[in-house]
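Participant: Right, I'll just put the structure down here and ask away after.
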Amino acid sequence: MSEPLPLAGLRVVEFTHMVMGPTCGMILADLGADVIKVEPLAGDNTRRLQGSGAGFFPMFNRNKRSLAVDVKDPRGQEVVLKLVAGADVFSENFKTGTMDRLGFGPEALTTLNPRLIHVSHKGFLPGPYEHRTALDEVVQMMGGLAYMTGPEGRPLRAGTSVNDIMGGMFGAIGVLAALQQRDNVRSGTGRGQAVSSALFENNVFLVAQHMMQFAVTGQPAAPMPSRISAPGRCTTCSTCRAARRSSWPQ
C-alpha cells in the first residue's frame, strides 16, 4: 500500500492473553499501530493451548511484536516503564488488581505518561461482580444469550467467542474515541484516560434488543428457533410460523 495506515506511528504496549484483550490489540495493529505484546519469559500460555483454543494465538496476535520480560524483576519492570513512557496506549486483560500490584495501574502509568490511554478488558465493569473472573460461556448463561440461541428449554452456547471478540472490539472503539478526545485539533485535551470493556456488559448489549422487545410488547422474547420474525415477513400465519420452526434442528 502506498498510503500509510490510519494508526501508523501509534505505539501500543499490551499485557494480554486468550481472546478479549488480544482482539483489541489485533484491531489496532491491523489499522497500523505498532503493538508490542509483553509476554512472560516462557511465552504467553495461549501459545500452548490445544483443541478449540489452538487457533487463538495466531489469530488474535497477528501484526504484533513480542517481547519476553520478567515483570516481577525490577529490571523487567524498568524495561516496561521505558516502553510505556513513549507509548500512546497500554492494554491489559488480567484480573482486577494485577496491574496495580505490578506498578502498571492507570494512576501510576498516567503519572509517568499523561498522554497514555489505559484500556482494560474485564469480566464485569465496576459493580458487585467486578472482582469475579468470567468466561464467554459464563456470561452467555448469565445474560440470556444462551437462552436465545438454543431451542426452548435447551440453552446453547454460541459457537464462537462472541463476547470476547466483541469486548475487544469495544475496547478498540474506546481507544479510538480517547485518541480523538486527546488529539482533536479543535478540542483536544492533550491527555489520555482510562477505558474499560467487559464481557458481561457486552453480552447485555447483544441481548438488549430482546429486552427492549419485552418492554415494547409486554411479551418475553422466544428463543431464536421459535421466534416470530420481524414485520416485512408473515408474522400472523400459523403455517409460516410452523414452517420456520420446523427448519431448525431438533
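The values are calculated or read from the model by the stated rules, or taken from the named source; none is laboratory data. Small disclaimer: the values here were computed from a predicted structure and weren't measured. Positions of Cβ are generated from backbone atoms using ideal geometry, with glycine treated the same way; all protein chains shown enter the neighbour counts.
Participant: State the number of residues belonging to region 104-153 that are small (Gly, Ala, Ser) and in contact (Cβ under 8 Å) with a residue 24 or more places away in the chain.
Facilitator: 6
Participant: Next question. Given the condition in contact with a helix residue (DSSP H, G or I) (Cβ under 7 Å, 6 or more places away or on another chain), in a loop (DSSP other than H, G, I, E, B), surrounded by fewer than 16 Cβ atoms within 10 Å (Cβ to Cβ) and modelled with pLDDT under 95, answer yes or no: does some residue in region 131-153 qualify?
Facilitator: Checked against the condition, which is being in contact with a helix residue (DSSP H, G or I) (Cβ under 7 Å, 6 or more places away or on another chain), in a loop (DSSP other than H, G, I, E, B), surrounded by fewer than 16 Cβ atoms within 10 Å (Cβ to Cβ) and modelled with pLDDT under 95, region 131-153 yields at least one hit.
Participant: Check Val195, Val204 and return the single one that is among the β-branched types (Val, Ile, Thr), surrounded by 11 or more Cβ atoms within 10 Å (Cβ to Cβ), assigned to a strand (DSSP E or B) and at pLDDT 80 or above.
Facilitator: Val195
Participant: Considering only region 65-84, I want to know if a residue exists there that is in contact (Cβ under 8 Å) with a residue 12 or more places away in the chain, surrounded by 13 or more Cβ atoms within 10 Å (Cβ to Cβ), of a type outside the set (A, V, I, L, M, F, W, C) and in contact with a Cys (Cβ under 9 Å, 6 or more places away or on another chain).
Facilitator: No: region 65-84 contains no residue that is in contact (Cβ under 8 Å) with a residue 12 or more places away in the chain, surrounded by 13 or more Cβ atoms within 10 Å (Cβ to Cβ), of a type outside the set (A, V, I, L, M, F, W, C) and in contact with a Cys (Cβ under 9 Å, 6 or more places away or on another chain).
Participant: Counting only residues that are acidic (Asp, Glu) and surrounded by 14 or more Cβ atoms within 10 Å (Cβ to Cβ), which one in region 1-50 is farthest from Phe104 (Cα to Cα)?
Facilitator: Applying the filter and picking the extreme gives Asp30.
Participant: Got a sec? Which strands (runs of 3 or more DSSP E) wholly within region 10-125 have at least 3 residues that are at negative phi and at pLDDT below 95? Outline the logic, then answer.
Facilitator: Details: elements: 11-15, 34-39, 64-68, 89-92, 117-122.
Those strands (runs of 3 or more DSSP E) do not exist here; none qualify.
Participant: For region 207-223, give me each residue that is in a helix (DSSP H, G or I) and surrounded by 15 or more Cβ atoms within 10 Å (Cβ to Cβ).
Facilitator: If we filter region 207-223 for residues that are in a helix (DSSP H, G or I), which is where we start, we get 207-217.
Residues satisfying the conditions are Val207, His210, Gln213.
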